[in-house]
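So the structure is just underneath, and the comments pick up after that.
The values are calculated or read from the model by the stated rules, or taken from the named source; none is laboratory data. None of these values were measured; they are calculated from a predicted model. All Cβ positions, glycine included, derive from the backbone under ideal geometry; neighbour counts span all protein chains shown.
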Amino acid sequence: MTTASIAIIGALTLSVAGMASAMPTVLPTDNPVSATVQPATETPEPTPTAAAVTPTGPDSDRAADPIAAAAIARKYNHPVADDSQTTDTSQVSVEPNGSFSLESSTLPVRVKTDAGWVPIDSSLTYGPDKMLTPVAAASPVQFSEGGTDLLAKVEVTPGAWLTEKWPYGALPIPTVTDNDALYSNVLPGVDLRLSSTPAGMAEVLVVKTPDAAANPKLDQVKLSLEGATVTPSAGNTLSATPNGAQPQTASAAADNSDTVSSAPVWWDSNVKDSGPDGPVGAEEAHPVSQAATGSDVTLNVGAVIDTQKITYPLYVDPDWGTGAQAYWFTDRAFPDTVYLNGNANSGGIKAVGYGGPSPVNYLSHAFWQFDTTPLSGKHILAAAFNTAVYWSNVCTSTAIQAWQYGNGADAPGFTWNGEPNAWDALLDTQSTNDGSSCAAPGNVGFNALPTAISAASGGWPNVQLGLRAANESDPGTRKHFGTAASLTVTYNSYPNAPTGLSITSPPRGCSNDPNNPAYLNGNQSIVLQANVSDPDQQNLGTAFYLKNTDTGANTFAPLGWPYDGSPAQAQSAPQSVQLPVTLPTGRYAWYAQSEDGIDWGPASSPCYFDALDSPPAVPVISDVSAGPYTVGQPMTVKFTSSPTDHIATFAYWWTNDTSTATTPPLPALGNAPTCTRAPVGGVRFACADSSSTSPLITVAPRADTSTLWVATFDLAGNASTSSAGQTILANADTAVSASNPNAGNVVAAKGHQWPMNTATPIVGAVADKNTTTGTSLFAQKVLKIGAGTNVTSTDHIVMTGLARHVMTLPGYLELARYYNGVDDAAFSDGFAPAGYTFEVALGQYVPLAASAAAVTGMQEFYSCPLSTGDMTSTSSTCEGTGVTGVSMGYFWPTSAAVPAGVPALPLYQCSIASNGHHFDAPDVGCLGFGTGIVLGYLAGIAPTVTANTSGSPAVLAPAQAIDTTKSFTVSAWVKLDAANLAGGNYTAMSESGSGTNANSAFYLQKANGGHWRFCVRTQSGIDIVDCASVTAPALANTWTMVTGIWDATNQEVRVLTSASPTPADSTSVVSHVPPSSEISATSPLVVGSAVSDGSTGNQWDGEISNPVAFQGVLDGFQLASLAGLNPLP
């Protein structure tokens, strides 16, 4: 008595992975034709790959990214998989030589777990919910433990499950063997076997006997479904879509690795050894009709039993699968049946060839689809299609052809009648009799190089490969191939074309226009640089080519090459080369090209430069405006040069005599000159037009005798060997007369002089020599003596003459609070470290260097650098904190001790209870953080002297003395107290803006460090400060006439320490370019202090006499008068 079986199976399950090492692979013997940009014809041959930087990590067969994989592959000389390019069905590995291998499999061969990628393991085990589940599955399934009608669950999408139920009651407890769960006698004489497969699950109904087959329950086996909607498609296939999602066809679902059910098939036991694992030998599977309503699937098993001559057991096989790439075959015997992703048994077959007219007129073609996305744009080195032959119908080896089928765009799963007939390219032919009665099953490989090249060049996301018999009329060509197959491709990425080309020495950009080249001097070190990169992130060697375009000859062999794989050749980094010799005058083109040890990438676009090795001619000064000329007053000139000299800029400057020594700080040879650069050190720059002529330039004579110099720079950075000079004779207002050098000068009416040339005591104010009435800038200004300024002392300013009354200021320092983003700290004005921002001025104190008499009765205070911010304290031990205090100076212990007429400001020590943060504050409320502790008192107003309107003391009002946007001169005789010669900024004269955060527009001062300087500061909100300084140190207890000049026409700041208008050294002249929106300071002119961030500081420490402020630039005669303590007429 025979038995019958019905099998329902999932996707074909044979995996090539288990036999890959034994599979023959056909490799190409010739280099492929590249589909991307080829190297230039001058490209040298790629060099052999060399060892690169040795990684410090351990050996491994996998790495997180291609960089790490390449390092391990090179060091340990074996392929390393790149996890960032790994999926269930494909894997990219880095080879030791830097190339890549893509292995794309039809079935999932690995799954990603918390521990990383692991091989598929379909063995069943009981899960936490007592359902049977595979150990490691890319397509999760769960099988019933028995006792209910729940049959199986398939994960359709992550977290969404398709549940299948048995229609005839509770299932028995299964017998589990490896990946199979056998449910015996689910109906009398009928077993049900569920199998876990790499792509999902297989179901096989085994109908053992004719009596079992007679059971009417088998006529229509209706399986109910939950959790997904089932959509029927052409060819008797189904697709499952999670509830709420958009349904799609089975071919589309397979193409997207979604859940599909192939057309169910049946086979019987007509051929010996056929069983639930599938038909063997010549036995073929036959289609079974099915129907779907959305929530159930019905198998028409009765039609098979009623119409077919069955040899029992009978097997019926539906299935559910997901995660596989598409694979199918077509058969002339069943021309409308879709054999997509399954169809037979858990072993799986793909039929190919002709089996003769009897018993069934079989003729089949087999197809596989592979993901080729990683190949886009790559250089394909080798490609092979690998599968296995399980059965051949004759012992004679017959030929099977592998074809490129279309361009991968055809929907998979077409039928015999629906074949697009896209047999585009014959790839390879292999003859085999594997699986015949004369030979065991075996592996077979086909060359797939042309298809891989086409996919790479065309950017195809998929390719389809087809197998067919070479002679389809030969009945000995029928073969069964395995479903599981792989496409293995070895490839490399061409390095990218270098970018960011530049010349780093001398600094030049890359000009791609041969008619507008860069320029440089060829008699210097020339370094070419390019940024190189590789899609595979490999190390790169880069060749630099240099050609003389005048002669067409290569100047050198390729430079910077060959490739050695060293860290210095790391990609995504600049690579450079120094030219071995200097270059003669001429035009040159250069470009760069990279190689990775396997391939050369495309060359960069060429860069052009001209080597100009000769200096330009001396320019000519022309179009000088007519005299007479006035010191500090505008005049105009033009500069011209030869158009053949490729002039980049004219550089021009003044000297205060007729000297031919021209040594301004001009640009060094090699730096690309520009005519738009800012003035520097008194040197200004002008552009040249196409005729090498400058626009009309406005300048002003510096002194009574001045020389205007001009030099040219060509585009290569070469300066003319000498400079043209034009001597200008001028004075402050009118032409110089030998008999009367000051003829016509009326400078007193343009400024303010406060002479202190008598022994008469000063009472409250110093009169202005300028007696002009009114309220204008040029009207008389009285110099009002402020509180705390001593005017009772007299001194000899010059060696001869009487002792004169002078102004004496105590040199208080300002204490201010600053913040660095974390901590607060108190510093003297001008001494805050970098990173600290001014917050608030706290008041004035007496510096440490003050005399003992000056600090009698005062309190010394300290800065305590605690971890919670600097704490100000009167304790040298920082109140027992273990920190030693840093002495800062002295303040007054009580408000009554502050000098008369000076407001007393309390200084509070504050802390924040929540974090212990310390800070100083001028208010007892400590900014709302508690009650402060008063440490002592600071002076609320720095003793100072201010310019005021004229009139009786009752109506004096602070007044602006000069317009700081225009040229001006300020000067005073000053003497520093010896105690504070080096430390601190001490200001003799200033004039500031108004507002909360106002700053002085100029500072005539002794700078921190002990030298004289004059600073000009913008007022328009764009804070620009430029200071001219004297290198020689300031002398203590010595009277010095210090003069500051802002020359607005020449955009120069100058400081002088003698009667001569000639600056002492190069630092005594600096350029200053205010913004076009610049405004004048509007607050009073001040003698003895300055304003920063709205607070008075920088108080003078010593004596001041005879201050002056003029709108304009004083000449040498006028400076000499001031030096003799003579007011100007």
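State all residues of the stretch 163-202 that are among the hydrophobic types (A, V, I, L, M, F, W, C) and under 19 Å from SER122 (Cα atoms); if no residue qualifies, say none.
Those that are among the hydrophobic types (A, V, I, L, M, F, W, C) and under 19 Å from SER122 (Cα atoms): VAL176, ALA181, LEU182, LEU192, LEU194, ALA199, MET201, ALA202.
Any residue in the stretch 772-793 that's farther than 15 Å from TRP754 by Cβ: show its pairings with residues that are loosely packed, with under 12 Cβ neighbours inside 10 Å at Cβ separation under 9 Å, as long as the two are six or more apart or on different chains.
Taking only residues 6 or more apart or on different chains, the pairs are ALA787/ALA900; ALA787/GLY901; GLY788/ALA900; GLY788/GLY901; THR792/PRO761.
Got a number for residues in the stretch 456-491 being among the aliphatic types (A, V, I, L, M) and under 14 Å from THR387 (Cβ atoms)?
The number of residues fulfilling the criteria is 5.
Out of GLY418, GLY413, which single residue is in contact with a strand residue (DSSP E or B) (Cβ under 7 Å, 6 or more places away or on another chain) and not in a strand (DSSP E or B)? Spell out how you get there, then give the answer.
On the way: GLY418 fails: in contact with a strand residue (DSSP E or B) (Cβ under 7 Å, 6 or more places away or on another chain).
Result of the check over GLY418, GLY413: GLY413.
Taking the stated definitions as given, is ALA617 at pLDDT below 90, over 43 Å from the mean Cα position of the chain (by Cα) and within 18 Å of THR712 (Cα to Cα)?
Taking the combined requirement at face value, the residue satisfies it.
Tell me, which residue of the stretch 1064-1087 that is more than 19 Å from ASP963 (Cα to Cα) and at pLDDT below 90 is surrounded by the most Cβ atoms within 10 Å (Cβ to Cβ)?
Filtering first and then ranking leaves ALA1064.
Would you check which residues across the stretch 771-783 are over 59 Å from the mean Cα position of the chain (by Cα) and more than 22 Å from GLY1124 (Cβ to Cβ) and list them?
Here is the first cut: in the stretch 771-783, the residues over 59 Å from the mean Cα position of the chain (by Cα) are 771-774, 779-780, 782.
Answer for the stretch 771-783, where residues must be over 59 Å from the mean Cα position of the chain (by Cα) and more than 22 Å from GLY1124 (Cβ to Cβ): THR772, THR773, GLY774, ALA779, GLN780, VAL782.
Right, GLU164: surrounded by 20 or more Cβ atoms within 10 Å (Cβ to Cβ) and either within 21 Å of LEU223 (Cα to Cα) or among the aromatic types (Phe, Trp, Tyr) (or both) or not? Give the steps one after another, and end with the answer.
Details: surrounded by 20 or more Cβ atoms within 10 Å (Cβ to Cβ): yes; either within 21 Å of LEU223 (Cα to Cα) or among the aromatic types (Phe, Trp, Tyr) (or both): yes.
Considered against the rule, which asks whether it is surrounded by 20 or more Cβ atoms within 10 Å (Cβ to Cβ) and either within 21 Å of LEU223 (Cα to Cα) or among the aromatic types (Phe, Trp, Tyr) (or both), GLU164 comes out as yes.
Mind listing just one residue for me: the one in the stretch 434-475 that is touching a helix residue (DSSP H, G or I) at 6+ places or on another chain (Cβ under 9 Å), over 24 Å from GLY408 (Cβ atoms) and among the polar types (S, T, N, Q) and, of those, surrounded by the most Cβ atoms within 10 Å (Cβ to Cβ)?
Checking each candidate, the answer is ASN443.
Results for (1) assigned by TED's automatic domain parsing to the domain that holds THR483; (2) closer than 18 Å to ALA282 by Cβ; (3) touching a strand residue (DSSP E or B) at 6+ places or on another chain (Cβ under 9 Å), shown as yes or no for each residue.
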{"position": "LEU363", "(1), (2), (3)": "yes, yes, yes"}
{"position": "ALA366", "(1), (2), (3)": "yes, yes, yes"}
{"position": "THR373", "(1), (2), (3)": "yes, no, yes"}
{"position": "SER376", "(1), (2), (3)": "yes, no, no"}
{"position": "ALA382", "(1), (2), (3)": "yes, no, yes"}
{"position": "THR387", "(1), (2), (3)": "yes, no, yes"}
{"position": "VAL394", "(1), (2), (3)": "yes, yes, no"}
{"position": "ILE400", "(1), (2), (3)": "yes, yes, yes"}
{"position": "TRP403", "(1), (2), (3)": "yes, no, yes"}
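Can you tell me which residue in the stretch 138-150 is farthest from ASP114 (Cα to Cα), limited to those that are surrounded by fewer than 24 Cβ atoms within 10 Å (Cβ to Cβ) and of a type in the set (Gly, Ala, Ser)?
GLY147
This table checks each residue for (1) under 30 Å from GLY445 (Cα atoms); (2) modelled with pLDDT of 90 or more; (3) buried (at least 23 other Cβ atoms within 10 Å of the Cβ).
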position	(1), (2), (3)
PHE100	yes, yes, yes
THR106	yes, no, yes
LYS112	yes, yes, no
ALA115	no, no, no
ILE120	yes, yes, yes
TYR126	no, yes, no
THR133	no, yes, no
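Can you list the strands (runs of 3 or more DSSP E) found entirely within the stretch 962-1051 that contain at least 2 residues being among the aromatic types (Phe, Trp, Tyr)?
Per the criteria, 968-976, 1000-1007, 1011-1017.
Working only within the stretch 1090-1129, note down all residues that are surrounded by fewer than 21 Cβ atoms within 10 Å (Cβ to Cβ), under 23 Å from ALA998 (Cβ atoms) and touching a Ser or Thr at 6+ places or on another chain (Cβ under 8 Å).
Residues satisfying the conditions are GLY1094, GLN1111.
Can you say whether THR1043 is of a type in the set (S, T, N, Q) and under 30 Å from ILE762 (Cβ atoms), as far as the supplied structure shows?
yes
When residues of the stretch 603-631 are filtered for being outside any strand (DSSP E or B), aliphatic (A, V, I, L, M) and either over 30 Å from GLN1118 (Cβ atoms) or assigned by TED's automatic domain parsing to the domain that holds PRO517 (or both), how many remain? Give the derivation first.
Looking only at the stretch 603-631, we keep the residues that are outside any strand (DSSP E or B), and these are 603-606, 612-619, 623-628, 631.
If we keep only those that are aliphatic (A, V, I, L, M) too, we end up with 603, 612, 617-618, 624, 626, 631.
With the extra rule that they be either over 30 Å from GLN1118 (Cβ atoms) or assigned by TED's automatic domain parsing to the domain that holds PRO517 (or both), the set shrinks to 603, 612, 617-618.
Number satisfying all stated conditions: 4.
At least 2 residues that are touching a strand residue (DSSP E or B) at 6+ places or on another chain (Cβ under 8 Å) and within 27 Å of THR106 (Cβ to Cβ) in each: list the strands (runs of 3 or more DSSP E) lying fully within the stretch 172-228 that qualify.
Once the strands (runs of 3 or more DSSP E) in the stretch 172-228 are filtered for at least 2 residues that are touching a strand residue (DSSP E or B) at 6+ places or on another chain (Cβ under 8 Å) and within 27 Å of THR106 (Cβ to Cβ), what remains is 180-187, 190-197, 200-207, 221-226.
Of everything in the stretch 81-122, what is in contact with a Pro (Cβ under 9 Å, 6 or more places away or on another chain), assigned to a strand (DSSP E or B) and β-branched (Val, Ile, Thr)? Give them in sequence order.
VAL92, VAL94, VAL111
Does any residue in the stretch 275-297 that is surrounded by 20 or more Cβ atoms within 10 Å (Cβ to Cβ) come within less than 7 Å, Cβ to Cβ, of a residue that is among the basic types (Lys, Arg) six or more places away or on a different chain, and which pairs are these?
PRO276/ARG193
I need a count of the residues in the stretch 332-372 that are of a type outside the set (A, V, I, L, M) and modelled with pLDDT of 90 or more.
Residues flagged as of a type outside the set (A, V, I, L, M) and modelled with pLDDT of 90 or more within the stretch 332-372 amount to 12.
Would you check which residues across the stretch 657-702 are at pLDDT 80 or above, over 16 Å from HIS1072 (Cα atoms) and in a loop (DSSP other than H, G, I, E, B) and list them?
Answer for the stretch 657-702, where residues must be at pLDDT 80 or above, over 16 Å from HIS1072 (Cα atoms) and in a loop (DSSP other than H, G, I, E, B): THR674, CYS675, CYS687, ALA688, ASP689, SER690, SER691, SER692, SER694, PRO695, LEU696, PRO701.
Please tell me if ILE526 is without any contact (Cβ under 8 Å) to a residue 60 or more places away in the chain, at negative phi and buried (at least 17 other Cβ atoms within 10 Å of the Cβ).
Judged against the criteria, ILE526 is a match.
Please enumerate the residues belonging to the stretch 586-626 that are more than 30 Å from PHE685 (Cα to Cα) and aromatic (Phe, Trp, Tyr).
Residues satisfying the conditions are TRP590, TYR591, TRP600.
When the residues of the stretch 785-838 are filtered to those that are assigned to a loop (DSSP other than H, G, I, E, B) and of a type in the set (D, E, K, R), which remaining residue is surrounded by the fewest Cβ atoms within 10 Å (Cβ to Cβ)?
Applying the filter and picking the extreme gives ASP823.
All but one of (1) surrounded by 16 or more Cβ atoms within 10 Å (Cβ to Cβ); (2) at negative phi; (3) touching a strand residue (DSSP E or B) at 6+ places or on another chain (Cβ under 6 Å) hold for VAL1025, so report the exception by its number.
Condition not satisfied by VAL1025: (1).
For THR429, are the conditions met, namely being under 51 Å from the mean Cα position of the chain (by Cα) and not small (Gly, Ala, Ser)?
no
Looking at the stretch 71-78, is at least one residue under 18 Å from TYR491 (Cα atoms), within 34 Å of the chain's Cα centre (by Cα), touching a residue at least 12 places away in the same chain (Cβ under 8 Å) and surrounded by 21 or more Cβ atoms within 10 Å (Cβ to Cβ)?
Looking for residues that are under 18 Å from TYR491 (Cα atoms), within 34 Å of the chain's Cα centre (by Cα), touching a residue at least 12 places away in the same chain (Cβ under 8 Å) and surrounded by 21 or more Cβ atoms within 10 Å (Cβ to Cβ), one finds at least one in the stretch 71-78, hence yes.
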